[in-house]
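Some notes on the structure that comes next.
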Amino acid sequence: MDVIALGFSTLFAPGVILVLAVGVFAGLIVGSIPGINDNIAFAMFIPFSFAIPPEQALALMVGVYCAAAAGGAIPAIMIKVPGTASALLTAVDGNAMARQGKAGKALSIAITSSVIGGIASSLVLLVFAPTLALFALRFGYVENFALAILGLSSVVGLLSANVLKGVISALIGLLTATVGFSLVTGYPRYTFDSVNLIEGIPFVPLLVGLFGIAAMFELLVDIWNERRSGKAVSGLPLIGSLKFGWALARRLVPVWSLSATIGNLIGVLPGAGMLMAIFLSYDQAARRFRRRFAGKPGEKSWGEGAPEGIAAPEAANSAVTASSMVPLLSLGIPGNSTSALFIGALAIHGMVPGPLLFTQHGHIAWMIIVAFLIANLILWPAAFIVLKSVSRSVFAIPKEALVGVIALLCLLGAYADGANSFNIWVALIAGIVAYGMRLAQIPLGPAILGLVLGPQLESSLSNALSISGGSWLIFIDPVNHPISAAMLALASLFWLLAIYGWWRQSRNRSLATRPQSDSSPS
Amino acid sequence: MKLPSDLWIGAVLTGIGVWALWEATGFDDRSRTYPMIVAGLLAVSSASMACLSFVRNQEQLALAGPLRAALPAGGVIAAWAAALSFGLGFLLPTLLMQIALLWLGGIRGAIRILAYAVLITAAAYGLFVVGLEVPLPRSRVPGLM
Amino acid sequence: MKKAIALLASCLMAGAVGAAAAADFPAKDIDLIVPFAPGGGVDTTSRIIVETANTLIEGAELNVVNRAGGGGVVGQTFASKAAPDGYTVLAMTSSVVTNPKLKGASYSIDDFLPVGLYNLDPSVIVVPASSPFETADQFIAAAKQAPLNIVIAGIGTSHHMGGLAIQQVTDAQFNYIPTKGFGQQLQAVLGGHADGALWPLGEAANHAKTDSVRILAIASDARDEAFPDVPTYQEAGIDIEIWATFRGWSVPKGTPDDVVTMLSGLLQKTYESPAYKKKMSEAGYKPVFRDAKSFKQIIDGYAVLTSNIIEESGLAK
């Protein structure tokens, strides 16, 4: 308890708490600008953090980190352009709801879910950090492979429309992820002798292109279609009322709890990342929605404005933020690429994350922990202030002018990652490919998951087999690798459930169509 | 020529899969198995998508919009990227790109377009170059930033 | 903002330290190219140097410019092609020596002139705290019986080649487990998923201090003050004198000698500042300084060592 009080007293020093609040506002803005995310913002901020005391620098980073994940939902809902990768799935139901004139409700659900996920994960960080860190240590190469399989399997539940296209999409992602020097032997694969591709296709420009540039093309074609059909170009949805009612809140409680749990567990595991958490919880929310609400009067279909489709990914992505600090603070192992940048910020001030941080700089370690809690408490009112002021005026810009703005922000954001012109081409080509996939009705989600999990899948597989001497049985060994066996069992359960669902669907369809075809004359 | 979209997209992806598979045979022993499996699966599933298009999902692609709106925008961005890499500075190519994108977006009126373009270019310059201190590609033309 | 603070600081410090260089260099800001993303070891050390160095020069300042990509090759290539006027300095690591052979980089090591070295990080053998191996002897003896699983950062990295060198001089057998990112490597070692790892001392030190890992031997010609009980490779019966990665400054070939001397002097004066030494040590990097000439010797020595390994193990592209 004393140590927690130490954290609070460090945080509530004048200046520090103020900087945390500034960080929250900055994070909301950074998150809501397509092309810039917390990663890029930190990269730019770390040099600047030299000049200020470590308490303030780290409080600012915590604020930005928490809020950026929430801010990404704002443009995702308003213009279907995710501000950060973590709002990828929020864009689907969120934008659908906004187009039905309920943008305010969608934004409000998104922000409330973020805050709830964030608070849940800060409490986990505060109370269970040491226990969970030991859990993370049980993840070796075998478990990481099983985790990647589980993550990839999380998309099968979403593929009811066209299974084959979903599989193709995942394979495109996995194949793209093999570009670069092979980790196993260092052989250059699909690099075309370009040094820019040695470490694979640069990831930030790739993501920025896949959703930013592609969304810009989509916006442009929407406008063109509207103009050709003679209608006036419809404006952006109005934000409107931000209320969503207690009944809905009660209905979302199970989704919030499950998504926050998934986000916390995934966040603690190094290398799993935010995207996997949002896909897993989105999948769970979709199952629940289909079981409980689909087809009821007054309910939209999944993907067309279901509130669960906003709540699940937003609660999950915020739950990843604080929990990704669990292995970083207790062991010195970053949970994801953003929390890895905290290492840099600490190092600049002569501190190293891990057990030593608690003994040598306990006030900083505990301040970071309590700052996550306070940042999420500030986030709620801050988000509504930003929505009421900044967002209302930004989204008053005519939709036609936004096309150029989004394009430029995304292209410069891609370029800024390493100040390399090559990245602009990566973003452009990725945008064209993603837009082409959309035209061909190939879903993008599985491809992104494949991109993120591909390297982990291949390296953990080859390393696990290298350690086991080529035996595949280690993955299902219930004694030495129970976690791996359980995750693979869960993954196969996902597949079995999906296959059963498809079988039932097609049987229902053939039962429904048979009488018709019998009665038709020919 | 009218073809179901799944047919020719399936064919293109099959081609990519087969190419990647063939390319992967040249990798060393331990680096090739995984990409070969992924590329092979991509080729097979894309080929089945192409074949299935004969029995179901005969949708045509609505290409008019993409060709008339998205393609020129892609061209404009490519031209901007080329100008930037060549060293024509940042401000002039960006201003021209914005003018073109605003026109493609359907804004009309020379003064309105110019005003928006100047505003957007200046804001982007302020955010990335002044605010975030991103080093821009070097300009070959003296006086062009 | 950053510039303003740095400018203010340099104005304040200028009076205390006095005029640093009489020549007209530098007449404008100097770019220190870090070919890696912010937050890593090279970036952190560069920023610590720049912080002090900017208080020692007048009329201009050093700016860290991150040009990440291609595992460092993109930024290194950029620096090799820059104008040889001293206004582009590369934060040079040992990978510059091996990248032309291993990654097909277009430059060669002769395209750079060494300026000075500021950090030398020896390779160490690390095992998990729960490991049965208490000494390097036990470790090598076990590796002679059956291959041990050794975590490394990647194939062809300096520490991988260090492992190959151990295999050459002893009869040990290692099964390398390439694992990207230090965090993931740490997880594998702390969790006991591998038998050991080859790490730079700088990264291993902080975890060894908390007894979560054990350092068995250090590839240096002398024991480290922080770990007086850890033997050097040669004391442990591994006949390798030094295996260390280095960090330093270099400039493109053709840069005038007096400019190189001036930059080298700046790095030396930075090294002599007590605040700098304190900050570097706290961040886990041992501050040292070698001038251009002795840095060149270190580079040449490393080139000879690694080219043997690369030829014999068929790592070259």
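The values are calculated or read from the model by the stated rules, or taken from the named source; none is laboratory data. Just so you know, these numbers come straight off a predicted model, no measurement behind them. Because the Cβ atoms are built from the backbone with ideal geometry, glycine has one as well, and the counts that use them run over all protein chains shown.
Scanning segment C:36-74 for residues that are in a loop (DSSP other than H, G, I, E, B) and more than 9 Å from chain A (Cβ to nearest Cβ) returns C:Phe36, C:Asn54, C:Thr55, C:Leu56, C:Ile57, C:Glu58, C:Gly59, C:Ala60, C:Glu61. Of the strands (runs of 3 or more DSSP E) lying entirely inside segment C:80-156, those containing at least 2 residues that are surrounded by 17 or more Cβ atoms within 10 Å (Cβ to Cβ), touching a residue at least 40 places away in the same chain (Cβ under 8 Å) and not hydrophobic (A, V, I, L, M, F, W, C) are C:88-93, C:112-128. A Cβ distance below 6 Å, combined with a sequence gap of six or more or placement on separate chains, defines the contacts here; from segment A:183-196, residues that are under 21 Å from A:Gly418 (Cα atoms) and facing chain C (nearest Cβ under 8 Å) reach residues that are part of a loop (DSSP other than H, G, I, E, B) and modelled with pLDDT under 90 in the pairs A:Asn196/C:Gly69.
Filtering segment A:339-353 to residues that are surrounded by fewer than 24 Cβ atoms within 10 Å (Cβ to Cβ) and either without any contact (Cβ under 8 Å) to a residue 60 or more places away in the chain or over 19 Å from C:Thr45 (Cα atoms) (or both) leaves A:Ala340, A:Ile343, A:Gly350, A:Val352.
Which is more than 8 Å from chain B (Cβ to nearest Cβ) and under 30 Å from C:Gln76 (Cβ atoms), of A:Ala464, A:Ala447, A:Ala434, A:Ala414?
Values: A:Ala464 fails: under 30 Å from C:Gln76 (Cβ atoms); A:Ala447 fails: under 30 Å from C:Gln76 (Cβ atoms); A:Ala434 fails: under 30 Å from C:Gln76 (Cβ atoms).
Answer to the selection: A:Ala414.
For segment A:387-399, the criterion of being farther than 25 Å from B:Ala115 by Cα, more than 10 Å from every other protein chain (Cβ to nearest Cβ) and part of a helix (DSSP H, G or I) is met by at least one residue.
Taking B:Ala124, is it without any contact (Cβ under 8 Å) to a residue 40 or more places away in the chain and surrounded by 17 or more Cβ atoms within 10 Å (Cβ to Cβ)?
Values: without any contact (Cβ under 8 Å) to a residue 40 or more places away in the chain: yes; surrounded by 17 or more Cβ atoms within 10 Å (Cβ to Cβ): yes.
So B:Ala124 fits the description; yes.
I need the full set of residues from segment C:209-237 which are modelled with pLDDT of 90 or more, of a type in the set (A, V, I, L, M) and under 22 Å from the mean Cα position of the chain (by Cα), in order please. Scanning segment C:209-237 gives C:Val213, C:Ile215, C:Leu216, C:Ala217, C:Ile218, C:Ala219, C:Ala222, C:Val230.
A search for C-beta distances below 9 Å between a residue of segment C:202-229 that is facing another protein chain (nearest Cβ under 10 Å) and touching a residue at least 60 places away in the same chain (Cβ under 8 Å) and any residue that is aromatic (Phe, Trp, Tyr) and in a helix (DSSP H, G or I), counting only pairs 6+ apart in sequence or on different chains, returns C:Glu203/C:Phe182. Taking residues in segment B:22-38 that are within 7 Å of another protein chain (Cβ to nearest Cβ), and partners anywhere that are β-branched (Val, Ile, Thr) and outside any helix (DSSP H, G or I), the pairs with Cβ atoms closer than 6 Å and at least 6 places apart or on different chains are B:Asp28/A:Thr185; B:Arg30/A:Val184; B:Arg30/A:Thr185; B:Ser31/A:Val184; B:Ser31/A:Thr185; B:Pro35/A:Thr178. Would you confirm whether or not segment A:475-493 contains a residue that is of a type in the set (Gly, Ala, Ser), in contact (Cβ under 8 Å) with a residue 60 or more places away in the chain and within 14 Å of chain B (Cβ to nearest Cβ)? No - not one qualifying residue is present in segment A:475-493.
Filtering segment A:330-351 to residues that are under 17 Å from the mean Cα position of the chain (by Cα), more than 7 Å from every other protein chain (Cβ to nearest Cβ) and of a type in the set (A, V, I, L, M, F, W, C) leaves nothing. Within segment B:101-116, the set of residues being facing chain A (nearest Cβ under 9 Å) and either assigned to a loop (DSSP other than H, G, I, E, B) or modelled with pLDDT of 95 or more (or both) comprises B:Gly105, B:Gly106, B:Ile107.
Name the residue that is farthest from the other protein chains (Cβ to nearest Cβ), counting only residues in segment A:46-81 that are surrounded by fewer than 24 Cβ atoms within 10 Å (Cβ to Cβ) and outside any helix (DSSP H, G or I). Among them, the one singled out is A:Lys80. Of the residues screened, B:Val76 is one that is at the interface with chain A (Cβ under 9 Å from one of its Cβ atoms) and out of contact with any Phe, Trp or Tyr (no Cβ under 8 Å at 6 or more places or on another chain).
Consider segment A:147-167 and keep the residues that are modelled with pLDDT under 85 and away from chain B (no Cβ under 13 Å). The one that is farthest from A:Leu461 (Cα to Cα) is A:Ser160.
Can we say C:Pro252 is more than 28 Å from C:Gly72 (Cα to Cα) and at pLDDT 95 or above?
Working: more than 28 Å from C:Gly72 (Cα to Cα): no; at pLDDT 95 or above: yes.
No; evaluated as a whole, the condition is false for this residue.
Within segment C:157-188, the set of residues being assigned to a helix (DSSP H, G or I) and more than 10 Å from every other protein chain (Cβ to nearest Cβ) comprises C:Ser158, C:His159, C:Met161, C:Gly162, C:Gly163, C:Leu164, C:Ala165, C:Ile166, C:Gln167, C:Gln168, C:Val169.
Is it the case that some residue within segment A:181-190 is under 29 Å from A:Gly31 (Cβ atoms) and among the polar types (S, T, N, Q)?
Of segment A:181-190, the ones under 29 Å from A:Gly31 (Cβ atoms) are none.
No - not one qualifying residue is present in segment A:181-190.
If you go through segment A:268-287 and keep only what is closer than 20 Å to A:Gly454 by Cα, at pLDDT below 90, of a type in the set (Gly, Ala, Ser) and in a helix (DSSP H, G or I), you end up with just A:Gly273.
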